[in-house]
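The values are calculated or read from the model by the stated rules, or taken from the named source; none is laboratory data. Values in this document were obtained by computation on a predicted structure and should not be read as measured data. No Cβ is skipped: glycine too gets one built from the backbone with ideal geometry, and neighbour counts run over all protein chains shown.
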């Protein structure tokens, strides 16, 4: 089993931006698409677009992890925290996925402006495996299944606000999992 279909990180000291991941089919993998970083990595991950991604028999479909604490040596600066922002997921579909989304931001590395649009992922177990989010801010546009995190604003297909998140402070944690 592959660790991740497409992975960005963990080394971020130079920054990663303006990346398009499109028309990808990921199957029999631990993770579908992943961004991983940690304090001490510095720089940024921004303007990343995932479009037309198919997930099949994947443990966790979408992952953003900000506590990937592996460093090559002790010479890193723990105060060098990366910025993660402007990440877009459009036309994400699949089946037999255990956890569709796991975004693990933190107080020092919040995940900002994440967008989900047109997403439908069939789950292995609908009772326990839903969106899992902490320290994330963003929006959902149109139809997204399963139900997204409570700290994301909901918009219709015309980009009209339907429901503003009740958790407006990015430090509010959604423990819906």
Check: Out of (1) surrounded by fewer than 15 Cβ atoms within 10 Å (Cβ to Cβ); (2) assigned to a loop (DSSP other than H, G, I, E, B); (3) within 15 Å of the chain's Cα centre (by Cα), the odd one out for residue 79 is which?
Finding: (3)
Note to self: Can you go through 94, 122 and tell me which one is more than 13 Å from the chain's Cα centre (by Cα) and farther than 19 Å from residue 64 by Cα?
What the structure shows: 122
Next item on the list: Just name the residue that is nearest to the chain's Cα centre (by Cα) out of those in the range 1-39 that are more than 17 Å from residue 62 (Cα to Cα) and loosely packed, with under 12 Cβ neighbours inside 10 Å.
Entry: 18
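So for the range 21-30 (the condition being within 21 Å of residue 134 (Cα to Cα) and modelled with pLDDT of 90 or more), does at least one residue qualify?
Checked the range 21-30: at least one residue is within 21 Å of residue 134 (Cα to Cα) and modelled with pLDDT of 90 or more.
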Check: Identify, please: which residue in the range 121-138 is part of a strand (DSSP E or B) and surrounded by fewer than 21 Cβ atoms within 10 Å (Cβ to Cβ) and is, among those, modelled with the lowest pLDDT?
Finding: 123
Notebook entry, point to check: Restricting to the range 1-20, what's the tally of residues that are in a strand (DSSP E or B) and either out of contact with any strand residue (DSSP E or B) (no Cβ under 7 Å at 6 or more places or on another chain) or modelled with pLDDT of 95 or more (or both)?
Noted result: 3
Next item on the list: Identify the single condition in (1) within 14 Å of the chain's Cα centre (by Cα); (2) outside any strand (DSSP E or B) that residue 47 does not satisfy, given that it satisfies every other one.
Entry: (2)
Notebook entry, point to check: Does the range 37-49 hold any residues that are modelled with pLDDT of 90 or more and under 23 Å from residue 81 (Cβ atoms), and which are they?
Noted result: 44, 45, 46, 47, 48
Notebook entry, point to check: So, in the range 155-177, of the ones that are part of a loop (DSSP other than H, G, I, E, B), at pLDDT 60 or above and in contact with a strand residue (DSSP E or B) (Cβ under 6 Å, 6 or more places away or on another chain), which residue ends up surrounded by the fewest Cβ atoms within 10 Å (Cβ to Cβ)?
Noted result: 157
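So that you can scan it fast, the table gives a plain yes or no per residue for (1) touching a helix residue (DSSP H, G or I) at 6+ places or on another chain (Cβ under 8 Å); (2) in contact (Cβ under 8 Å) with a residue 60 or more places away in the chain; (3) crowded, with 21+ Cβ neighbours inside 10 Å; (4) not in a strand (DSSP E or B):
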residue: 91; (1), (2), (3), (4): no, no, no, no
residue: 94; (1), (2), (3), (4): no, yes, yes, no
residue: 108; (1), (2), (3), (4): no, yes, no, yes
residue: 140; (1), (2), (3), (4): no, no, yes, no
residue: 148; (1), (2), (3), (4): no, no, yes, yes
Check: When you look at residue 59, is it at pLDDT below 95 and assigned to a strand (DSSP E or B), yes or no?
Finding: yes
